[in-house]
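The values are calculated or read from the model by the stated rules, or taken from the named source; none is laboratory data. Because the structure is predicted, anything quoted here is derived from the model rather than measured. For neighbour counting, all protein chains shown are included, and Cβ atoms are generated from backbone atoms with ideal geometry for every residue, glycine included.
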Ligand SMILES: [Zn+2]
């Protein structure tokens, strides 16, 4: 059945929940059959259950639907993980957004406990994304305009601001350098984080542009950063005749001296006068005494102690590694890698000689001696380490000297967080109530540690985390968090409905403080890396597409540069654009990177296969194969044409997005390939000799569907700290059009957000070149396009019976 567009929209929105509202003869969304769920789980683990299942409706059509599993209580997961081999049990689940029962449409997962471990892929990823510099965004669209805006902004920044703190920290004159600001200002102990993001953003921007003058300007800045950082770093190469070697990290502040060390600004002024004490290879925008202080458990206190010393070290290491990976000037790239490697080895040296792990005893006992990493990394904010595991593992993979390789991998392991990792390695949800953006980079790091060491423990942590996030924590945009925190599983709607702010003008209306943009940046990174190990599993790029199209692209103001911290989701919510520099805040930092790397996961390759992960207007150069191709489409795309410009022998795999339930067609040189495609899979054009001029045409018209919240709405806050109002319990859902979350500027109250889906047909159209849906007198635009207020989640008025 291929209904026309208007009917299709209507049809897709008529869930079983709305049966009575749909015309009697068209019970399109009455669930008739649900794919059975049978899972084998290794002894000692909680079962990995799918967050989507395939359902068949009464009319024979199929769709992926979200499931809420009822085993999410920590106690239940612990019980499950204690079951003996051979045990069998059932986990009840419900398809959300359905009114067959109070919780939804019931289904059971049959779980069997087995004596074998989860299957883990080989340490070396099966596929790699084509490098950023090998894929070019083309055309005139929101992607290219955002990219250009980001580059212009980067070039408008005063580079001396990004260098000021290094001059200051290494006792050099700051004449001619402008004091930095934001979180890199001389009075914040997080300084250096912005310089790190700045270097990453410069590197990505350089790799992603062809414009010779932009490229030259970006390169000049990259070179200056690298040259000046190396100059400072070399000041720490101090030969000590008494030791018969260079002074190393371990020589700084022997234990007795450490115990008397202070963290005040006066003390810092003393430390920075003598950078020869820092130890070989130290590079940071703040003295080496700063990271060392947390060995005596110095707390987060910007005035008297520390902020998050290793968090900033990570950003700077990442910046240097990103330069090494993305800049095609060998001299600059090698120097950046050398700086990062020397600093990585400083970290190894300090932690190897001066720290240890002791998990037993009371906190007082564990802190009896300085340097217990269990305590160091467990401190609020002070112990936040960003992606140290990630940076050090990347360095280990890139290093050629075997000893250095081993030490860098070992250093990455020093940042293990047993309290967080152990439960997750058994698929026990220890995500709940943790700080979101503190912990997501640790998972990115965990996967990189798998690549560096081959230890399966690290892989399982990453996969389990990703799966749990999908169903239990993500909003329709793909982002997570409420006030920067993960809350209880399956409570996204409670978070959204009860988190309200009072506007500056004093008006009291809901304006949720949720869905931090840094989290989406890091979740995209994790997903790209997981996809390298699972390139045939389309769930990864389905999610990458969700978070890229619906949060990252929309997180920069389209006309004047400014990026979001929290991201609008909910009722009549606006994106708080701001953060104009990488040093402004964490989201200013990740925000500077977001818009110059949209193409990072467009294509993946192995020896003989090319995966098209995203339908983006791009040119791609697969250098190893000598293959070049051009993908022409609008963005977002309902159709695309891939033309081979230089051929070669390989298989091509094209993603069939999860939302492509309406139609998906592929033609190769005008001839149809295959007949039926399964949404959320890849379709393969088998290995063949591709010739210049070969054309692949893809058609995937958008239809509408709902992305449901897992918990029904029962209360909502109308103002910050104000009373919550009771509402008739209803499902909530975001209206999706193809991959796009649609938001309406015409809905400003929860009453208006109540939609009787069955009342009107949905009309699809365009406003200029922007997709638009209309029904019940309300217009919906893609969220990425919205700059003003909009409503994303609707209250779905499901009549139970006539
Ligand atoms: Zn942030």
Just a yes or no: is a residue in segment 467-477 touching a strand residue (DSSP E or B) at 6+ places or on another chain (Cβ under 7 Å), at pLDDT 95 or above and more than 16 Å from the ligand (Cβ to nearest atom)?
yes
Can you tell me which residue in segment 559-571 is farthest from the ligand (Cβ to nearest atom), limited to those that are outside any strand (DSSP E or B) and buried (at least 24 other Cβ atoms within 10 Å of the Cβ)?
571
If we keep only residues of segment 650-668 that are touching a residue at least 40 places away in the same chain (Cβ under 8 Å) and farther than 20 Å from residue 609 by Cβ, then the residue surrounded by the fewest Cβ atoms within 10 Å (Cβ to Cβ) is 663
Give me the residue from segment 432-466 that is part of a loop (DSSP other than H, G, I, E, B) and in contact (Cβ under 8 Å) with a residue 12 or more places away in the chain and, out of that set, nearest to the ligand (Cβ to nearest atom).
434
Inspect segment 383-397 for any residue being under 20 Å from residue 306 (Cα atoms), at pLDDT below 95 and over 24 Å from the mean Cα position of the chain (by Cα) and give the result as yes or no.
no
Could you go through segment 608-625 and let me know if any residue there is part of a helix (DSSP H, G or I), in contact with a strand residue (DSSP E or B) (Cβ under 7 Å, 6 or more places away or on another chain), within 28 Å of residue 191 (Cα to Cα) and away from the ligand (no atom under 15 Å from the Cβ).
no
Of 291, 299, which residue is modelled with pLDDT of 95 or more and closer than 28 Å to residue 336 by Cβ?
291
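Which residue, of 596, 556, is away from the ligand (no atom under 16 Å from the Cβ) and in contact with a helix residue (DSSP H, G or I) (Cβ under 6 Å, 6 or more places away or on another chain)?
596
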Mind checking which residues of segment 71-105 are surrounded by 15 or more Cβ atoms within 10 Å (Cβ to Cβ) and under 19 Å from residue 730 (Cα atoms)?
93, 94, 95, 96, 97, 98, 99, 100, 103, 104, 105
Would you check if there is a residue in segment 496-516 being under 29 Å from residue 678 (Cβ atoms) and either touching a residue at least 40 places away in the same chain (Cβ under 8 Å) or surrounded by fewer than 20 Cβ atoms within 10 Å (Cβ to Cβ) (or both)?
no
Residue ID - surrounded by the fewest Cβ atoms within 10 Å (Cβ to Cβ), chosen from residues in segment 593-602 that are in a helix (DSSP H, G or I) and in contact with a strand residue (DSSP E or B) (Cβ under 8 Å, 6 or more places away or on another chain)
600
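Give the residue, chosen from 702, 707, that is crowded, with 16+ Cβ neighbours inside 10 Å, more than 19 Å from residue 795 (Cα to Cα), at pLDDT 90 or above and touching a strand residue (DSSP E or B) at 6+ places or on another chain (Cβ under 6 Å).
Step by step, each of 702, 707 is checked, and only 702 is crowded, with 16+ Cβ neighbours inside 10 Å, more than 19 Å from residue 795 (Cα to Cα), at pLDDT 90 or above and touching a strand residue (DSSP E or B) at 6+ places or on another chain (Cβ under 6 Å).
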Which one is nearest to residue 561 (Cα to Cα), of the residues in segment 577-592 that are surrounded by fewer than 24 Cβ atoms within 10 Å (Cβ to Cβ) and away from the ligand (no atom under 12 Å from the Cβ)?
580
Please give the strands (runs of 3 or more DSSP E) falling wholly within segment 676-791 in which 2 or more residues are in contact (Cβ under 8 Å) with a residue 60 or more places away in the chain.
681-690, 695-699, 704-708, 713-717, 724-737, 740-743, 763-767, 770-775
Within segment 525-537, is there a residue that is surrounded by fewer than 22 Cβ atoms within 10 Å (Cβ to Cβ) and within 15 Å of the ligand (Cβ to nearest atom)?
no
Quick one: residue 133 ticks every box in (1) touching a helix residue (DSSP H, G or I) at 6+ places or on another chain (Cβ under 6 Å); (2) assigned to a loop (DSSP other than H, G, I, E, B) except a single one, so which number is it?
(2)
With over 31 Å from the mean Cα position of the chain (by Cα) and surrounded by 20 or more Cβ atoms within 10 Å (Cβ to Cβ) as the only criterion, which of 282, 278, 311 stands out?
278
For residue 536, which of the numbered conditions (1) modelled with pLDDT of 95 or more; (2) assigned to a helix (DSSP H, G or I); (3) farther than 28 Å from residue 411 by Cβ fails to hold?
(2)
I'd like to know if segment 615-627 contains one or more residues that are modelled with pLDDT of 95 or more, crowded, with 22+ Cβ neighbours inside 10 Å and out of contact with any helix residue (DSSP H, G or I) (no Cβ under 9 Å at 6 or more places or on another chain).
no
Have a look at 426, 434 and point out the one that is surrounded by fewer than 24 Cβ atoms within 10 Å (Cβ to Cβ) and under 18 Å from the mean Cα position of the chain (by Cα).
434
Looking at this structure, is residue 40 over 30 Å from residue 449 (Cβ atoms) and out of contact with any helix residue (DSSP H, G or I) (no Cβ under 6 Å at 6 or more places or on another chain)?
no
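Conditions tested, residue by residue: (1) free of Cβ contacts under 8 Å to residues at least 60 places away in the same chain; (2) more than 16 Å from the ligand (Cβ to nearest atom); (3) within 24 Å of residue 75 (Cα to Cα).
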residue: 359; (1), (2), (3): yes, yes, yes
residue: 367; (1), (2), (3): no, yes, no
residue: 370; (1), (2), (3): no, yes, no
residue: 374; (1), (2), (3): yes, yes, no
residue: 385; (1), (2), (3): no, no, no
residue: 397; (1), (2), (3): yes, yes, no
residue: 403; (1), (2), (3): yes, yes, no
residue: 407; (1), (2), (3): no, yes, no
residue: 412; (1), (2), (3): yes, yes, no
